[in-house]
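Asker: Before anything else, here's the structure in question.
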Amino acid sequence: MPICPQCQKPVDAQELSCPYCDNPLKAFGHPGIPLYQSSDGTSLCDRCTYHLDDTCNFPQRPDAKSCTLFHDASVPLVGAKEIPTSQLGWRGFKNWLYRYRGLIAIALLILISVTIALSSS
Ligand code: SF4
Ligand SMILES: [Zn+2]
């Protein structure tokens with residue numbers, strides 16, 4: 001459950017504003033647009049990915065205390081990709097065989113040809 005950055009009380013993730021202190025928790029009154037806020041009064045930009053890579057062109061940069069686009073620079077933008085369990089074990093081996101079936105067929109043809117050539121000489 002998220003915490004209200006103003007009063008530090010737990011609030012429902014869908015709340016538009018804090019039921020305790022009326023602090024807005026979503027931008028433009030829309031439940032799908034999160035509003036990131038600094039809880040200690042410092043600028044969010046100092047720890048934002050888009051400030052550090054210099055791609056932000058918001059006018060409130062570099063002193064934004066609240067922002068809809070903030071992304072914590074300590075959290076990767078794209079999460080580590082997990083290998084699906086379908087790619088592990090026997091099923092993964094079958095997928096690998098299917099993916100490289102053309103190369104495997106050519107390798108088998110070469111192996112059979114070499115075997116026949118060696119056995120006939
Ligand atoms: S996206 Fe927001 S928090 Fe990030 S640098 Fe721009 S204004 Fe600052
Ligand atoms: Zn609050």
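Asker: Would you mind telling me which numbered condition in (1) exposed (fewer than 13 other Cβ atoms within 10 Å of the Cβ); (2) part of a loop (DSSP other than H, G, I, E, B) GLN6 fails?
Answerer: With respect to (1) exposed (fewer than 13 other Cβ atoms within 10 Å of the Cβ); (2) part of a loop (DSSP other than H, G, I, E, B), GLN6 is out only on (1).
Asker: Then there's this: Could you say whether any residue in segment 100-112 is modelled with pLDDT of 90 or more, within 19 Å of the chain's Cα centre (by Cα) and more than 11 Å from ligand 1 (Cβ to nearest atom)?
Answerer: No - not one qualifying residue is present in segment 100-112.
Asker: So, of the residues in segment 1-27 that are within 18 Å of PHE70 (Cβ to Cβ) and under 23 Å from the mean Cα position of the chain (by Cα), which turns out to be farthest from ligand 1 (Cβ to nearest atom)?
Answerer: Of everything passing the filter in segment 1-27, ALA13 is farthest from ligand 1 (Cβ to nearest atom).
Asker: Would you confirm whether any residue within segment 77-84 is over 30 Å from TRP96 (Cα atoms) and among the basic types (Lys, Arg)?
Answerer: No, because not a single residue in segment 77-84 is over 30 Å from TRP96 (Cα atoms) and among the basic types (Lys, Arg).
Asker: What is the residue count in segment 28-57 for residues that are under 11 Å from LEU69 (Cβ atoms) and surrounded by fewer than 17 Cβ atoms within 10 Å (Cβ to Cβ)?
Answerer: 4
Asker: What pairs come up if the first residue lies in segment 48-60 and is free of Cβ contacts under 8 Å to residues at least 40 places away in the same chain and within 12 Å of LEU77 (Cα to Cα), the second is within 16 Å of ligand 2 (Cβ to nearest atom) and not in a loop (DSSP other than H, G, I, E, B), and their beta carbons are under 7 Å apart, counting only those six or more places apart or on different chains?
Answerer: Note: no pairs meet the criteria.
Asker: Suppose we filter LEU35, LEU16, LEU25, LEU44 for residues that are touching a Gly at 6+ places or on another chain (Cβ under 7 Å) and either free of Cβ contacts under 8 Å to residues at least 60 places away in the same chain or of a type outside the set (Ser, Thr, Tyr) (or both); which single one remains?
Answerer: Result of the check over LEU35, LEU16, LEU25, LEU44: LEU16.
The values are calculated or read from the model by the stated rules, or taken from the named source; none is laboratory data. Note that the structure is a prediction, hence the values are computed from the model and not measured. Neighbour counts are summed over all protein chains in view; Cβ atoms, including those assigned to glycine, are modelled from backbone coordinates with ideal geometry.
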